[in-house]
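One structure is given below, encoded as C-alpha cells.
The values are calculated or read from the model by the stated rules, or taken from the named source; none is laboratory data. Just so we're clear, the structure is a prediction, and the values are computed from it rather than from any experiment. Heads up, the Cβs are rebuilt from the backbone with ideal geometry, glycines too, and the neighbour counts pull from every protein chain shown. These accessible areas exclude ligands, DNA and RNA; they are computed on the full protein's heavy atoms, side chains included. Shrake-Rupley method; radii C 1.70, N 1.55, O 1.52, S 1.80 Å.
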Amino acid sequence: MPRMMARVHVDLLLSEDGRRTAAELVRRLKVSPASVSVAVNSLVQYGYVRRERDPRRRRDIYVVDDEAWYHSVAISARQTLESARAAMAAAETLGPDSSVGQRLLRAGTFLERVVEDMKESADRWRTLLR
C-alpha cells in the first residue's frame, strides 16, 4: 500500500469510531486535501474504506468498519479472477499447443484456484470481524 494510503487508513483505524472527514484527515496528517482525496479514492476502490454522506453538512465522511478487511479480500479476489479468466481466454486464442498458451493456461488455472480458496477462507473466517 502506498505511504499516503497507509497513513489515511491507519488514521481511520485509530479513530474512536472509525470515521473522519476529509478536513479532519488533512488537519491530522498535515497534508494537502488533494493527497487525502487520492488516498481515500484508492482506499474506497480496494474496499478498505467506504464513503458516507453527512446530509446536514453536505460533506463526505470516510469510514473504516470491522468488515473492511473482508471487503478488501473480496475485491482483490474479484480482480484476480478477472486476470485469471483473461489469461485463460488468451490461452484459448493462442492455442493450448503453443508454449505461450500453455503458460497462460497454467497461470490462469492457478490464479482461479487460489482465488476460490481465498473466497472460501474469507467467508469461513468472516465471523471473526463481527
Carbon/sulfur fraction of accessible area - the chain, other protein chains in place, 1.4 Å, %: 53 percent
Relative contact order computed over the chain (Cα-Cα under 8 Å; 6+ residues apart), in percent: 20 percent
Helix-only [θ]222 nm of the chain, DSSP H runs n ≥ 4, -39500 (n - 2.57) each, per residue, nearest 500: -22500 deg cm²/dmol
Separation of the Ala107 and Glu120 label points, Cα + 7 Å toward Cβ, nm: 2.5 nm
Of the DSSP H helices in the chain, those whose Cα atoms cover at least 27 Å axially and whose Kyte score averages 0.0 or more: 68-94
Reported label for calculated Cα Rg over 2.2 N^0.38 Å given [x] 1.03; [y] 1.31; [z] 1.37: [z]
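If you count only protein heavy atoms with a 1.4 Å probe, what accessible area per residue comes out for the chain, rounded to a whole Å²?
66 Å²
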